[in-house]
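Asks: Submitted below is the structure of interest, expressed as structure tokens.
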Amino acid sequence: MTRGRLADRDAVAFGFSALCACIGVLIWTLWVLPVAASVSDADPVPLGRGATVELQEGERVGIWGSGVSAMLGTLECSVSGPDGVELSQRTGPSLSWDDTLWWMTPKRGFEQHTQFTAVRAGVHTVTCADSLDTYDGEFLVAGDAFGSGAIGLGRTGGNDFAVGTLLAFGAVFCLPVAVVLPVVILVRRRVTRRRSTRDAERAHASWTQFPEP
């Protein structure tokens, strides 16, 4: 590979590293830290009781659960809006916060169970219980880590990935790549430079050892 092509590839790699750094900072600033702070501020409620939260119209929040019921998947929750109408809930994507960022959850053992969106502004009531009426646990209402919608990726954009999956992946992928990639390039350049210098010194030594007659 010529030196010019290698320099072009390095420039592309440095650009990709800078892009990863920007994306990583945005994900952590606008998603990871706010969600973690909301979970930290929320008060857990024992199963069988109700929790009230005041929401704005269109605001999306998550229901987080812990304990045996949540671990076994027997946790069931219902949400009532200000008008008493029950709201629908949505489960998370295949790859979510709980897969990559569990260590950022301030309250140990809590994982997001579902999410819901407020249709009207006002006080919403969330009630969770164990469907088998056997196991205990707690729940809380905090920030939503699932996200909504999907983004088409791939050559034709035909592969849809959930926003929550992309955020969960980007939070643990972008910043390390932004740091490691430039280091790898700089180390490779240093090794290549030393090798070139050593080869030049050997060539010079062999030339001086056998001078022309």
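The values are calculated or read from the model by the stated rules, or taken from the named source; none is laboratory data. Here the structure is a predicted model, which is why all the values come from computation and not from measurement. Neighbour counts run over all protein chains shown; Cβ positions are idealised from the backbone, glycine included. All accessible areas refer to the heavy atoms of the entire protein, side chains included, with ligands and DNA or RNA removed. Shrake-Rupley method; radii C 1.70, N 1.55, O 1.52, S 1.80 Å.
Asks: On the given criteria, is residue 97 out of contact with any helix residue (DSSP H, G or I) (no Cβ under 7 Å at 6 or more places or on another chain) and of a type in the set (Phe, Trp, Tyr)?
Replies: On the way: out of contact with any helix residue (DSSP H, G or I) (no Cβ under 7 Å at 6 or more places or on another chain): no; of a type in the set (Phe, Trp, Tyr): yes.
In short, no.
Asks: For residue 84, are the conditions met, namely being modelled with pLDDT under 95 and either within 23 Å of residue 40 (Cβ to Cβ) or over 18 Å from the mean Cα position of the chain (by Cα) (or both)?
Replies: On the way: modelled with pLDDT under 95: yes; either within 23 Å of residue 40 (Cβ to Cβ) or over 18 Å from the mean Cα position of the chain (by Cα) (or both): yes.
So residue 84 fits the description; yes.
Asks: A further question follows. With the structure loaded, tell me whether residue 57 is of a type in the set (D, E, K, R), farther than 22 Å from residue 108 by Cα and either in contact with a His (Cβ under 6 Å, 6 or more places away or on another chain) or in contact (Cβ under 8 Å) with a residue 24 or more places away in the chain (or both) or whether it fails that test.
Replies: Working: of a type in the set (D, E, K, R): yes; farther than 22 Å from residue 108 by Cα: yes; either in contact with a His (Cβ under 6 Å, 6 or more places away or on another chain) or in contact (Cβ under 8 Å) with a residue 24 or more places away in the chain (or both): yes.
Spelling it out, residue 57 is indeed of a type in the set (D, E, K, R), farther than 22 Å from residue 108 by Cα and either in contact with a His (Cβ under 6 Å, 6 or more places away or on another chain) or in contact (Cβ under 8 Å) with a residue 24 or more places away in the chain (or both).
Asks: Scan segment 53-81 residue by residue and report those that are open to solvent by 50 Å² or more (accessible area, probe 1.4 Å) and over 28 Å from the mean Cα position of the chain (by Cα).
Replies: Within segment 53-81, none qualify.
Asks: Looking at segment 27-42, which of its residues are assigned to a helix (DSSP H, G or I), open to solvent by less than 50 Å² (accessible area, probe 1.4 Å) and over 11 Å from residue 104 (Cβ atoms)?
Replies: Once the filter is applied, which keeps residues that are assigned to a helix (DSSP H, G or I), open to solvent by less than 50 Å² (accessible area, probe 1.4 Å) and over 11 Å from residue 104 (Cβ atoms), segment 27-42 yields 27, 38.
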